[in-house]
Amino acid sequence: IQYPFGIGAGCYFDESFEVVCDDSSGSPKAILQRIGQEISSYVTFSSSTPNILVNISVTSLKSSKNAKGINLTGTAFSFPQSENKFLAIGCDNYASNQQNDSISRNSTITDAGGGCISICTCNPSEDSGCCDVLCNIPQNSSTKVLDSNTSYVYSQSIPQGCTSLSLVYPYWIFSNYLENSSGLKDKKKIPAELEWGKYKGFCYEDYSSQTKVCNKDDRCLIQLSSGHFCRCDYSINSVYQDYFCE
């Protein structure tokens, strides 16, 4: 777990980045304490990108009012529209009459138009509910709140019945289809990306600056103004440089 995230006092930048270990299930899980979401093991921490994957609940479209939402308001996080897709699971066929491409022995992927692709694990003309639809996130949707209202907005982009819906990190989808093309129906949680910063080029600051917060590995956050900071590494030339400002 890399800074600005950390476990224990003094190991994280602020409470948004605090990680706790939950061993209540007998299998330890790293949880972002502020938002109560499990950190995904699909992609490990990286010191070169201002994002993190968390496992979020799949929302049933039949009982979305009872779904547990995620509210990122007041935190450093948001759901980046460019890095996530929304996924509708267990749909009737949504494919247009375009050529199919195989992504595993048991599934096909088809351009469905409107920024969506349809992935089917059967012959949709003979069976129903065996297609999953991966779409771009609607531009009018929130990047801070994921709840039943957001799910409703997403579902309006898909003209046929589906059983459930979630945000998803798209690279996880394709790697998992290659392993198990019918496994999505049983998933309760899937990974989505949270973003905590934007790449702004280089930042420089004297090592003696009083605005810095560093951990033992010399990974530092430099406060630029209220609500803005740069994450930097301390170089041999006694300057901070590189990485991200938020």
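Table: residues versus (1) surrounded by 15 or more Cβ atoms within 10 Å (Cβ to Cβ); (2) in a strand (DSSP E or B); (3) modelled with pLDDT of 50 or more; (4) not polar (S, T, N, Q).
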site	(1), (2), (3), (4)
GLU83	yes, no, yes, yes
GLN98	no, no, no, no
SER102	no, yes, no, no
ALA112	yes, yes, no, yes
ILE119	yes, yes, yes, yes
GLU126	no, no, yes, yes
GLY129	yes, no, yes, yes
VAL133	yes, yes, yes, yes
GLN139	no, no, yes, no
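Being more than 12 Å from the chain's Cα centre (by Cα) and modelled with pLDDT of 65 or more is the filter here; which residues of region 51-69 pass it?
Correct list: VAL58, THR59, SER60, LEU61, LYS62, SER63, LYS68, GLY69.
The values are calculated or read from the model by the stated rules, or taken from the named source; none is laboratory data. This one's a predicted model, so the numbers in the text were calculated from it and none came from an experiment. Quick reminder, even Gly has a Cβ in these numbers, built from the backbone with ideal geometry, and neighbours come from all protein chains shown.
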